[in-house]
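Sending over a structure as structure tokens; questions will come in a sec.
Just so you know, all these numbers are worked out from the coordinates, no wet-lab data involved. What you see is a predicted model, and the numbers here were worked out from it, not measured in a lab. Cβ coordinates were reconstructed from backbone atoms using ideal geometry, including for glycine residues, and neighbour counts include every protein chain displayed.
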Amino acid sequence: MSAILSLAWKSLLNRKTTALLTILTVSISVVLLIGVEKIRTQAKSSFANTISSTDLIVGARSGDVNLLLYSVFRIGNATNNIDWKSYQEIAHLPQVKWSIPISLGDSHRGFRVMGTNQDYFTFYRHGSKQALTFNQGQLFHNLFEAVIGSDVAKKLNYHIGDDIIIAHGISDKSFTRHKNLPFKIVGILAPTGTPVDKTVHVSLAAIEAIHVGWESGAHLGRTPSQDALKNEQFEPKQITAFMLGLNSKIQTFMLQRQINTYNKEPLSAILPGIALSELWGMMSVAEQALMIISSFVVFAGLLGMLTSLLTGLQERRREMAILRAMGAQPKHIFFLLMSEASVLTLLGITLGIGLLYIALSIAAPIIEHQYGIKIALTGLSHHDLMLLILVQLSGVFIGFIPSLKAYRHSVADGMTIKV
């Protein structure tokens with residue numbers, strides 16, 4: 001058997017160009033197949049790690065997925081705001097252990113600004129119930145102080161003590177900026193791999209203060225100076241959403257039903273895990289389409305290998321006949337061709353895995369910056385290995401066709417090729 005493998009290897013070396021093209025075709029198909037699978041699983045993992053230990057998320061009446069996207073992932077906008085009094089009433093219910101109010105709608109140079117209170121830094125959890133920690137600085141205590149995520153600091157090269165200008169709305173344009181009310185950075189959070197890294201955090205009172213004179217959505221009124229605003233007390237009139245942690249998990253569905261039927265304004269309370277499952281359900285069609293496309297690419301790559309082997313076989317009929325004349329049995333010819341197909345597929349898979357990790361190392365920072373999805377360069381999963389084994393077996397099966405054809409060739413057929 002080792003002699004046949006050695007002969008197969010030497011045979012491939014004599015046909016370097018054809019063999020390299022075949023290997024490259026298989027490797028590209030492997031890159032696409034495993035790359036799609038890795039990005040899909042890493043995206044799910046990244047989304048799932050964004051929030052933990054939160055029992056309910058409450059917002060204005062809307063779809064579960066929409067509420068999850070704008071409140072946790074900072075994607076999209078709320079259909080409406082929540083009255084501050086409604087939040088206080090629900091937050092003080094006996095079932096509630098803690099609550100985190102959030103106010104969205106402003107931005108800073110492409111990053112979302114979120115108004116909240118210090119409970120956010122105390123109770124918010126991500127990943128495996130991990131708390132938020134600071135790389136530098138501390139919480140905001142004064143009106144015009146801000147805590148920024150690690151990506152904000154890194155991309156904009158910010159440091160403790162720097163001043164930043166917040167813009168009204170999602171589009172950060174010169175005419176929407178609160179230019180006379182700069183915020184001082186007092187804290188930079190440690191990286192979390194979640195949308196927290198891309199968020200500028202300020203107090204709820206600060207959100208109210210900077211919108212004095214912007215009540216109509218545009219800067220039509222007079223905005224007081226920082227010193228004048230610091231002497232006033234601000235309480236939110238409305239917020240975007242809030243998160244709840246309960247004393248007992250058993251009370252979750254009961255409180256959810258109570259909030260969904262709240263009679264003072266239409267509200268929606270969602271369970272983050274269920275909403276995330278619904279999101280994956282919506283994405284399943286796209287996932288299946290990508291996997292089907294990847295499978296067809298693999299199939300096309302293997303067909304290319306089959307074409308190469310069949311074409312080469314037609315040119316190598318005399319070589320097969322000489323091997324037979326030297327004493328090689330039909331089964332030796334059969335296993336020679338099978339070995340070549342197996343080696344080509346294995347080399348294609350090996351090269352594909354190498355190219356995949358090179359591509360992921362280059363693309364991971366770009367994907368994280370553009371979409372907030374953290375792609376970790378982990379090893380091959382059990383599912384990945386099963387896919388690769390399936391590709392290898394398919395390559396062996398593809399090699400069966402030219403091998404069987406070579407098996408049937410006779411010495412006379414090989415020695416008397418018709419021109």
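Please rank 139, 303, fewest neighbouring Cβ atoms within 10 Å first, as an exposure proxy.
The fewest-first ordering by Cβ neighbours comes to 303, 139.
Let me ask you something else. Report the calculated FRET efficiency for residue 350 and residue 45 (r = Cβ-Cβ distance, R0 = 30 Å), to the nearest 0.05.
0.70
Sticking with this structure for a sec: Pop out the Kirkwood hydrodynamic radius of region 56-270 from its pairwise C-alpha distances, inverse of mean 1/r, in Å to one decimal.
Result for region 56-270, one decimal place: 17.8 Å.
For all pairs of alpha-carbon atoms in region 101-163, what percent lies in each bin of width 5 Å, listed from the first bin to the last filled one?
In order of increasing distance, the bins hold 4, 13, 25, 29, 22, 6, 1 percent.
One quarter of the convex hull surface, Cα atoms only: what value does that give for region 37-143 in nm²?
9.0
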